[in-house]
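A.B. asks: Just dropping this structure here.
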Amino acid sequence: MFDSTYEVFKVSRLGAFGRDFHKEVLLYRFDAKEGERYLIYVTEYPENFFTIDFCRNKSRNSKNKWTEISGLSDAVKVLSTVTHLMIDLLKAGYEEGVCFGFIGARMDSEEDQETSKRFRVYRKIMLNLIDRNAFYHLEDPSIDAYLIVNPKADLNKVLTTARHAFAKENEEE
Amino acid sequence: MLALPDHFLDGKSWSLLQIGMGTNSLLGRTKTGLSTSDRLKRIWDKIFLRWVWFYLNREIKTIIQQTDDATKLLSSVDSRTLSSQEYKRLRLQRDRTQQHLDQLSQVYHAPGRKVAWAHGRIGQLMAALQRNQATLDQLFAQHDLKVDSIGGFKVISQDDAWNSRTTAYDYAT
């Protein structure tokens, strides 16, 4: 089910440009069903901590870009593509202690729920595809956040960075 | 690559164990008031039962030896050296061993007359499997952070992760 992916291309490396916390953003793209183009933002923070976000290219300037639904019934392959990019980066940076984190964005209709639907789906994918024996899995359902932490990393520093990064992301939204 | 034996009673031995136990308890109930032909039948049953136990005793002894060898091997394994396939195989084996132990326990504690040495041998097999389970549990605990939460993030334990998985998938990491 999660074996099939779209081909991903690296587009550019964006500097922090006056942002006070993250180092840079790696931008990737892939073309999905019916020519729908997606962008993947991999943001690098200190301590080899990265966050990953994706959205449709045509919605990249919309304030709902993280929560909108395409309606093309292509979610599995799109999610698989993004997850496999993350896994490739985790594997490539294993020795350096690369860690990842993300937030399962919450739709307006989910405000009164304990966790967002995206968080629950992403969590399931992480547990199925990323070996718990090779990486620590941590979660904070109250903010729909999930972390994949490399055992070689300094856990406390990574967690502090992650908290800071998620807070910044929320501010920017 | 870990080469571990499949230390379970196979289908034939398992059926014989159940027949043996069943016949055993029947013989216990039909001790008195039998006709000559029934007595002859009972003697034949006893001889048959003796052969069943002779075969099973040899089988169970071999399995106990194999299980103890596997336990010894596992006790020297560092879980960080295991491949994800080996890890998955060991997790599945632990689940299967637990099921097998539950089945053996039902036979062991079934009411009716019991042959002491056969009963003792099943007890020895259960003890060997329990030692194996305890070693596997130690192995799986090697990578745990041994805390429920850290820095406001909940740590997903090995067991949580394993139980949330759909085991049809292989890890991609």
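A.B. asks: May I ask you to verify whether A:Arg132 is under 14 Å from the mean Cα position of the chain (by Cα), surrounded by 19 or more Cβ atoms within 10 Å (Cβ to Cβ) and among the basic types (Lys, Arg)? Step through it out loud before you land on a result.
C.D. replies: Working: under 14 Å from the mean Cα position of the chain (by Cα): no; surrounded by 19 or more Cβ atoms within 10 Å (Cβ to Cβ): yes; among the basic types (Lys, Arg): yes.
No: the conditions fail for A:Arg132.
A.B. asks: For segment A:77-113: of the residues being part of a loop (DSSP other than H, G, I, E, B) and within 13 Å of chain B (Cβ to nearest Cβ), which is most open to solvent (accessible area, probe 1.4 Å)?
C.D. replies: Looking only at segment A:77-113, we keep the residues that are part of a loop (DSSP other than H, G, I, E, B), and these are A:93-98, A:104-107, A:111-113.
Keeping just the survivors that are within 13 Å of chain B (Cβ to nearest Cβ) gives A:93-94, A:98.
Working: A:Gly93: 5, A:Tyr94: 67, A:Val98: 13 Å².
Among residues in segment A:77-113 that are part of a loop (DSSP other than H, G, I, E, B) and within 13 Å of chain B (Cβ to nearest Cβ), the one most open to solvent (accessible area, probe 1.4 Å) is A:Tyr94.
A.B. asks: State all residues of segment B:148-159 that are surrounded by fewer than 19 Cβ atoms within 10 Å (Cβ to Cβ) and at pLDDT below 80; if no residue qualifies, say none.
C.D. replies: Let us first name the residues in segment B:148-159 that are surrounded by fewer than 19 Cβ atoms within 10 Å (Cβ to Cβ), namely B:148-152, B:154, B:157, B:159.
Answer for segment B:148-159, where residues must be surrounded by fewer than 19 Cβ atoms within 10 Å (Cβ to Cβ) and at pLDDT below 80: just B:Asp159.
A.B. asks: Looking for something in contact with a strand residue (DSSP E or B) (Cβ under 7 Å, 6 or more places away or on another chain), more than 7 Å from chain B (Cβ to nearest Cβ), closer than 17 Å to A:Gly93 by Cβ and assigned to a loop (DSSP other than H, G, I, E, B) - is there at least one such residue anywhere in segment A:154-172?
C.D. replies: Within segment A:154-172, none of the residues are in contact with a strand residue (DSSP E or B) (Cβ under 7 Å, 6 or more places away or on another chain), more than 7 Å from chain B (Cβ to nearest Cβ), closer than 17 Å to A:Gly93 by Cβ and assigned to a loop (DSSP other than H, G, I, E, B).
Each row is one residue, and each column tells you yes or no for (1) open to solvent by 50 Å² or more (accessible area, probe 1.4 Å); (2) more than 15 Å from B:Gln18 (Cβ to Cβ); (3) modelled with pLDDT under 85; (4) assigned to a loop (DSSP other than H, G, I, E, B).
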| site | (1), (2), (3), (4) |
| --- | --- |
| B:Arg50 | yes, yes, yes, no |
| B:Thr62 | yes, yes, no, no |
| B:Pro111 | yes, no, yes, yes |
| B:Gly120 | no, yes, yes, no |
| B:Met126 | no, yes, no, no |
| B:Asn132 | no, yes, no, no |
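A.B. asks: Residues B:Ser84, B:Ser15: which one is open to solvent by 40 Å² or more (accessible area, probe 1.4 Å) and either polar (S, T, N, Q) or modelled with pLDDT of 80 or more (or both)?
C.D. replies: After ruling out the rest, the residue left standing is B:Ser15.
The values are calculated or read from the model by the stated rules, or taken from the named source; none is laboratory data. Since we're looking at a predicted model, the values are computed, not measured. Methodologically, a virtual Cβ is constructed for each residue, glycine included, from the backbone with ideal geometry; neighbour enumeration extends over all protein chains shown. SASA here: full protein model, heavy atoms, side chains in, ligands and nucleic acids out. Shrake-Rupley method; radii C 1.70, N 1.55, O 1.52, S 1.80 Å.
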